[in-house]
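What follows draws every value from the coordinates through simple rules; no lab data is involved. Just so it is clear, the model here is predicted, and its values are computed rather than measured.
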Amino acid sequence: MTEPELSALRERAEHGDASATDELIELATELGDLNELRRLADAGNLTATDELIQLAAEQGDLE
């Protein structure tokens, strides 16, 4: 995914597009992107929180 595509996906998610949010979570999980998952979790997304916890534990990042 290109950076402009990712930016557009984030913008859609920020405007309440649940499909875009789900896609961001899936992509971040596949890429091991803890920062993206943390951003989504901080925004209150429980799925992102669950994925963040699982991925962080797998990577040994307990902070």
Item to check | Mean separation of Cα contacts under 8 Å (6+ apart) over length of segment 3-59, as relative contact order % | outcome: 23 percent
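Per-residue ellipticity at 222 nm for the chain, helices alone: DSSP H runs ≥ 4 residues times -39500 (n - 2.57), over residue total, nearest 500 deg cm²/dmol?
Numbers: 4 runs with 49 residues, N = 63.
Computed ellipticity for the chain at 222 nm equals -24500 deg cm²/dmol.
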Next on the checklist: For Rg and Dmax of the Cα atoms in Å, one of (1) 22.5, 66; (2) 11.3, 33; (3) 13.0, 43 was computed from the structure I shared and the rest are decoys. Which label?
Outcome noted: (2)
